[in-house]
1. Go through the range 65-81 and report how many residues are free of Cβ contacts under 8 Å to residues at least 60 places away in the same chain and surrounded by 19 or more Cβ atoms within 10 Å (Cβ to Cβ).
2. Looking at (1) surrounded by 19 or more Cβ atoms within 10 Å (Cβ to Cβ); (2) on the phi < 0 side of the Ramachandran plot; (3) of a type in the set (Gly, Ala, Ser), which is the one condition that is false for residue 34?
3. Hey, could you check the range 1-54 for residues that are basic (Lys, Arg) and more than 33 Å from the chain's Cα centre (by Cα) and say which is nearest to residue 116 (Cα to Cα)?
4. Could you tell me which residue of the range 339-365 is farthest from residue 317 (Cα to Cα), considering only residues that are buried (at least 22 other Cβ atoms within 10 Å of the Cβ) and out of contact with any helix residue (DSSP H, G or I) (no Cβ under 6 Å at 6 or more places or on another chain)?
5. Name the strands (runs of 3 or more DSSP E) wholly inside the range 1-117 in which the number of residues that are in contact with a Pro (Cβ under 7 Å, 6 or more places away or on another chain) is 2 or more.
6. Test residue 91 against the criterion of being basic (Lys, Arg), in contact with a strand residue (DSSP E or B) (Cβ under 6 Å, 6 or more places away or on another chain) and either in the same structural domain as residue 166 (by TED's automatic domain parsing) or surrounded by fewer than 19 Cβ atoms within 10 Å (Cβ to Cβ) (or both), and give yes or no.
7. Can you pull out the residues in the range 109-132 that are crowded, with 23+ Cβ neighbours inside 10 Å and on the phi > 0 side of the Ramachandran plot?
8. Quick one: which residue in 433, 438 is outside any loop (DSSP other than H, G, I, E, B), within 16 Å of residue 372 (Cβ to Cβ) and modelled with pLDDT of 90 or more?
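The values are calculated or read from the model by the stated rules, or taken from the named source; none is laboratory data. Every value quoted in this text rests on a predicted model; they were computed, and no experiment measured them. Please note: Cβ atoms are built from the backbone with ideal geometry, for glycine as well, and neighbour counts cover all protein chains shown.
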Amino acid sequence: MSERRSARQVLALLADPGSFRELPAPAGESAPDGPLGWRGYDASRARAAERTGEAESVVCGTARVAGTDAVLIAFEFGFLGGSLGERTGDRLVAAHAHARAHRLPVVPLIATGGSRMQEGMLALTQLQRVARESALTRRAGLPQIAVLRDPTTGGGWATLGAGADVVLALPGAQVGFAGSRVRPPDADPAAYTAEAQVAAGSADAVVAPDRLKEVLGTWLRLLTAPAAGAPVPEALGAAGPPATGWEAVTAARDPRRPRAGAYLDSLFDRRVLISGDRCGGTDPDGMLCGFGERDGRSVAFAAQTGTATRPAGYRTAARLIRLADRLGVPVLTLVDTPGAANGADAERQGAGAAIAEVFQAVADARVPLATLVIGEGGSGGALALAAPGNTWATPDSYFSVIAPELAAAILKRPPEQVEATAGQLRIRPQDLVELGVVRGIVGPAHHPRPPATRRPPPG
């Protein structure tokens, strides 16, 4: 169980000293004992107010977090379990409206048990209001970063939490749609934790309280300070292109060749990762997605790591590209995969649909996109991440319609003809330039910069 802090304590933990300004509470009067006339409801609210010093279950205001201005929405769990009622909904609507009017990111600091029973369906329908406000804020191109405190359950998790662009969580926090009193009696409690949600791809990271301000501040800065274009890294491996197609394949498959992590480290001063496809999967060994800072400006990245990319990896990349496009952040993709995972499990997890998501996200994107092929470019599983018209290659890479071994098998050629088949496929970096598939070969001293212009709208 994570340590519980009051709303004001959390705000004090995150806000730069003296920067928090509480938003005025929306005007409104409650009927005696609430809209349902729930006997004793007024008395319960009065006791909650006396105990917490708050008039409702959320405290909303503006503050700077590590130097970046944001709207903060802090839940007070001590006020009727941080539950959502009509007046809570009014405050959340007003907070989002203020964020849009002043072009500020929104940070819900959630600790809630769900909707307020004493207000019945009128309380539950606040989730629709919250979802609508979140959609309007998203449409305005403003980021939403949720922090999951203990507990985050019910509608608060299903709207403000899981619906955010980036989801951070405190260690040990109870997180799940079902609260502890309404789960099946045989439910595994370990499934309802922040750590389990990260493992399932529904949250991005668990962050210790003493690092929360730093991490949140980094996210806020990266999601609100986009670069003009997506820079392409220098080549870190071989200096010259390969002589033959098979030499290109062996160079790309060399285990000593620089991988995605080395390229990202060479390009960015710092970077943070998103994790998970938001529908039950992660692919941490196959795809690195996140935002990096270079010269004080941010660039999004989706980088294959040299393994067969799993469906969750493609869906995470599509999520990253769509988010970056909405926020106006340029995107760099690094292609390095022998191909998409093609086992039975991958098919059951929707490999084709996941790859289609990435193709569509790239095709729809209006921000600048750039791609560097840094190793193996294996078929459609690699092409899905490639920026049309702005793809580059390193000397120790190749790009092929299919692996030479598989091409030879399809053509019913003996194994000794695999190397010759590689040459016929014209997969060397210099072949790809001549064919017009890539713009050029990146060398150690070459700094290609794609045009810093938005792509025209589709159609």
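1. 4
2. So residue 34 meets the others, but not (2).
3. Kept after step one, since they are basic (Lys, Arg), are these residues of the range 1-54: 4-5, 8, 21, 39, 45, 47, 51.
Filter once more, keeping what is more than 33 Å from the chain's Cα centre (by Cα): 39, 45, 47, 51.
Details: 39: 14, 45: 11, 47: 16, 51: 18 Å.
If we take residues in the range 1-54 being basic (Lys, Arg) and more than 33 Å from the chain's Cα centre (by Cα), then 45 is nearest to residue 116 (Cα to Cα).
4. Per the stated criteria, the residue is 341.
5. Numbers: elements: 58-65, 68-75, 106-112.
Once the strands (runs of 3 or more DSSP E) in the range 1-117 are filtered for at least 2 residues that are in contact with a Pro (Cβ under 7 Å, 6 or more places away or on another chain), what remains is 68-75.
6. Numbers: basic (Lys, Arg): yes; in contact with a strand residue (DSSP E or B) (Cβ under 6 Å, 6 or more places away or on another chain): yes; either in the same structural domain as residue 166 (by TED's automatic domain parsing) or surrounded by fewer than 19 Cβ atoms within 10 Å (Cβ to Cβ) (or both): yes.
For residue 91, the condition - basic (Lys, Arg), in contact with a strand residue (DSSP E or B) (Cβ under 6 Å, 6 or more places away or on another chain) and either in the same structural domain as residue 166 (by TED's automatic domain parsing) or surrounded by fewer than 19 Cβ atoms within 10 Å (Cβ to Cβ) (or both) - is met.
7. Result: 114, single match.
8. Working: 438 fails: outside any loop (DSSP other than H, G, I, E, B).
Going through 433, 438 in turn, the sole match is 433.
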